[in-house]
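Colleague: Here it is: the structure, laid out below.
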Amino acid sequence: MAPRAQTGSGRLSRGLLLLWALLGTGVCHTGTEEEGFGQDARTSPPAAMYNWTAQLMEETYTNITQKCWEFFVDLMRNVTASELCEWKVISRPYSFLQACLENWADHLRYGYPNALAEQYIFQSHHRYFHNCTLEHQVYFDPPEDVLLAMIIAPICLIPFLVTLVIWRSKDGKAQP
């Protein structure tokens with residue numbers, strides 16, 4: 001338990017501050033816009049500006065998601081192999097990864113879920129959680145023909161029982 005105490009709010013805050021500092025320098029690229037369009041910006045089609053912006057946004061999001069992944073891996077170093085399948089232990093790093101990917105995508109207006117975020121989530125499952133199984137048995141739906149029989153049988157039985165009750169009540173004899 002002691003190694004995980006280091007992942008408290010102090011270390012997490014420093015990690016987030018470090019992440020922000022590292023990524024803050026790559027978010028704004030000055031001078032790139034002037035090289036691309038210069039004084040022809042009025043005559044350039046809007047699609048060129050959109051493609052440049054989309055490419056920059058994708059590159060920025062790629063760099064940020066890499067930092068999110070590295071921070072997740074760092075947090076997972078404190079988790080022992082026997083604790084990898086315990087949600088109480090892994091929920092904080094896993095939730096941080098998911099929140100980091102989602103929040104940065106929203107901040108950059110990149111859209112979430114996206115292929116890159118999905119790749120990191122799958123990578124986390126493959127690397128850390130591939131041997132985790134559910135403790136209780138998972139129930140599946142029965143085959144379609146069995147399910148159909150289980151649905152139709154009561155439906156057909158109800159009119160027969162209603163007819164039987166009405167027929168028995170018309171007998172005219174008083175019921176004790």
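The values are calculated or read from the model by the stated rules, or taken from the named source; none is laboratory data. Here the structure is a predicted model, which means the values were calculated and not measured. Counting neighbours? That spans all protein chains shown, and the Cβs are built from the backbone with ideal geometry, glycine included. What goes into the accessible areas is simple: the full protein's heavy atoms, side chains included, and nothing from ligands, DNA or RNA. Shrake-Rupley method; radii C 1.70, N 1.55, O 1.52, S 1.80 Å.
Colleague: Could you give me D for segment 74-135, from Stokes-Einstein at 10 °C and 1.306 mPa s, where the hydrodynamic radius is the Kirkwood radius over C-alpha pairs? Units µm² s⁻¹, please.
Modeller: 126 µm²/s
Colleague: Leaving out ligands and nucleic acids, and using a 1.4 Å probe, what accessible area per residue does segment 80-168 come to in Å²?
Modeller: Using a 1.4 Å probe on heavy atoms only, each residue of segment 80-168 averages 81 Å².
Colleague: If packing is taken as the average count of other Cβ atoms within 10 Å, what order do 144-154, 121-131 fall into, highest mean first?
Modeller: Per-residue mean Cβ counts within 10 Å order the peptides as 121-131, 144-154.
Colleague: Next up: Ranking request for peptides 95-108, 74-87: highest mean number of other beta-carbon atoms within 10 Å first, then the rest in descending order.
Modeller: 95-108, 74-87
Colleague: Given a Förster distance of 41 Å, report the FRET efficiency between E59 and T133 from their Cβ-Cβ distance, rounded to the nearest 0.05.
Modeller: Here the calculated transfer efficiency is 0.60.
Colleague: If the chain between H126 and L157 were fully stretched, how many nm would it gain, using 0.36 nm times the residue separation less the Cα-Cα distance?
Modeller: 6.2 nm
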